[in-house]
Amino acid sequence: MLKGKNIPLAITFIVGIIMIVSFFIPHRPFGDIEQISLRWYSIIAGFTMVLGVDSLLGLHFRKIKRKEENWIHSIFLIAGFVMVFIAGVWGTIQYGSAFDERSFFTYIYNYFIVPLQATMFSLLAFFVASASYRAFRARNRDAALLLITAVIVMLGRVPIGEVISPYLPKFTDWIMEVPQMAAKRGIGLGIALGSLGVAIRIILGIERSYLS
Amino acid sequence: MKKNLVLLLISLLFIMLNAFGQDRAAEPMLPDSNAITSETVYLGNILILSDIPNDGGGGIEIDWELNDSLNNYYITIVRREGRTKKIVASDLLASSKQVRDVNSDEDMSNVKDGTEYFYTAILSKYAVSQQILDYLVCDSIDLNTRTIADGYQVYLISDESGPVKAKASWFNPERLTVFVSAIIISFIFLLYLQFARNGKKLYIRKINGLDAVEEAVGRSTEMGKPIMYILGIGYVTDIPTIAGLTILGRVAKKVAEYKTKILVPSYDPVVMTTAQEVVKEAFTEAGRPDIYNKNDIMYITQDQFGYAAGVDGMMIREKPGAVFLQGLFFAESLILAETGHSIGAIQIAGTTETAQLPFFVAACDYTLIGEEMMAASVYLQKDPLMLGSIAAEDIMKVIIIIIIIIGFILGILGIGLHIEFFNKIFNLLIEIL
């Protein structure tokens, strides 16, 4: 009998099998199933965006109401949200699309969002430096090996490496193409089999922790 | 508070100055109308038409062969079915060499299987105006001329090619290898699941990162700090995100048992909703539904670096005792992991993105490498059936490693068997099956 958790398990099994079949049979109706499912997912995701916005605004309104620590940040967030929302609606009314090049919405994106994204991304350089400093400290044999390999690869990738020795770039290429690639493919193989394992466990209903 | 307000106002002023200091994008310049070309190149039959192989039908592939000197020209493709014409592609650079007449979300080509279609190419130095596009699809227009011109430029017209018909395939032979592999893998999986059902003892090796889950949750509880669980920037359709959600269920159960707090900042609303349900279920299973707070699993943004900034800010303010980074991560991985390290949190990371693994190894206390993340749910639950699936994965790995070693030895011996040898074995296997 189908009851309780058996219904979602049955749906998962049937949909999983249909998706596998559709991967091998391109003929209609199987071939279109993946695209149709993605469209359904997009529609559902569109509705859940409302839940996302509700969660975001609800959290910040509560912070303002209770005057929690740093509540002033929440005012800026809500003001920013309202401003961009109005710009999007206005752009759609004025130009037919909020993403029109002339719209204020696009202007906000190009001159507010993009520089802020670039700022966050540029932080990565400093974080790489601090993480490398810790990772490359030669505390034991493995760390020393990592340090030596990293120094060779770094030198082999810049012009000074060729000045030091013409063999350095070649050795760097060998490190990248042989030992590095072997390890990467080994990990890749494990990931592929692991993903397959997760998929089979979910389709067969052995893995149920995603069900509420 | 005053200091924060001043800092925020200065930041806002800086952004405003930056924003309004920029000029709006300049209007594109139209080409000089006097620069009309007068080529009388005879294009001939340049289009090669074929049905798109192994597809679900309704698709024609159009390739063209042109002199390299025409690479910077624009090509427009017109399809004819009886007297009905349709623009298939326009404003396409001739150097692209190929276009497919298929349905897309933006344009329904409506190619029908079994119907005869004819195609013509139109070359122009500049992009084609809408007026010309309307002219080209006009019923009364015969495209069997070499050139047409407007007051702007000359258009070179190819001979009409065709007919060509689209057809649907019932099986994609390009995926035969995957099909046979899937059957073998599924068989091994089912075999080991049966072994597990029969009570055969199966072994799973120790994974330090997962053993540390209890330690991390316990440490946070002792310190009176929350736990932060970051699912990365994947969607619920991504396997690493699904694996991250299954681990979240186990971690949340421990959190409920220790009566502490878990924060799950989310990148995607669907992931957020799923995470809310997973945590709620875990708290209920642990017998503590009363301490579940829906608002602790919140939506941040769907912007990659906006999400990184939001989570970093939350980490700095809340100072969690343990940070779990389990899911799909890209360039933001180190930004998150280094911030977590800077606040002294115990960090357990896991991802399938091989490019991000070194960052996690460098910045986190424990890292689940690829398959370990996939096995985490099994490891934390230790259900015999689930252990069976892990054993099957290991057997598959052994088989693949043996095949690689055989290929490696044959390659070194230079017997000349290499990949061809494996192809023959594979084809033989298919025949037997």
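No lab work stands behind these numbers, since they all come straight from the coordinates. Quick caveat, the model's predicted, so the values are computed rather than measured. Note: ideal-geometry Cβ built from the backbone for every residue, glycine included; neighbour counts use all protein chains shown.
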Assigned to a helix (DSSP H, G or I), facing chain A (nearest Cβ under 9 Å) and over 23 Å from residue B:261 (Cβ atoms): is that true of residue B:305 in this structure? yes
Residue by residue through the stretch A:82-104, note down the ones that are without any contact (Cβ under 8 Å) to a residue 12 or more places away in the chain and in a helix (DSSP H, G or I). A:82, A:85, A:86, A:89, A:92, A:93, A:94, A:95
Of the residues B:323, B:311, which single one is touching a helix residue (DSSP H, G or I) at 6+ places or on another chain (Cβ under 8 Å) and in a strand (DSSP E or B)? B:323
Selection from the stretch A:185-205 of residues in contact with a strand residue (DSSP E or B) (Cβ under 7 Å, 6 or more places away or on another chain) and more than 7 Å from every other protein chain (Cβ to nearest Cβ) yields none
Name every residue in the stretch A:90-111 that is farther than 19 Å from residue A:80 by Cβ, more than 13 Å from chain B (Cβ to nearest Cβ) and not β-branched (Val, Ile, Thr), in order of residue number. A:94, A:95, A:96, A:97
Residue that is farthest from the other protein chains (Cβ to nearest Cβ), among those in the stretch A:1-36 that are among the small types (Gly, Ala, Ser) and on the phi < 0 side of the Ramachandran plot: A:10
Qualifying positions in the stretch B:279-295 - within 16 Å of residue B:226 (Cβ to Cβ) and crowded, with 18+ Cβ neighbours inside 10 Å: B:279, B:282, B:283, B:292
Tell me which helices (runs of 4 or more DSSP H) are completely within the stretch B:152-260 and hold 3 or more residues being aliphatic (A, V, I, L, M) and touching a Ser or Thr at 6+ places or on another chain (Cβ under 8 Å), or say none if there are none. B:239-257
Would you tally the residues in the stretch B:366-379 being touching a residue at least 24 places away in the same chain (Cβ under 8 Å) and within 9 Å of another protein chain (Cβ to nearest Cβ)? 6
Kindly indicate whether residue B:284 is closer than 19 Å to residue A:57 by Cα and of a type in the set (Ser, Thr, Tyr). no
All conditions in (1) over 30 Å from residue A:44 (Cβ atoms); (2) over 22 Å from the mean Cα position of the chain (by Cα) are true of residue B:360 except (2)
Which residues, taken from the stretch B:348-365, are surrounded by fewer than 24 Cβ atoms within 10 Å (Cβ to Cβ) and either of a type outside the set (D, E, K, R) or within 8 Å of another protein chain (Cβ to nearest Cβ) (or both)? B:354, B:355, B:356, B:357, B:358, B:361, B:362
Out of the stretch A:37-81, which residues are of a type in the set (D, E, K, R), within 10 Å of chain B (Cβ to nearest Cβ), assigned to a helix (DSSP H, G or I) and over 22 Å from the mean Cα position of the chain (by Cα)? A:54, A:62
Out of everything in the stretch B:250-269 that is within 23 Å of residue A:62 (Cα to Cα) and buried (at least 21 other Cβ atoms within 10 Å of the Cβ), what residue ends up being farthest from the other protein chains (Cβ to nearest Cβ)? B:260
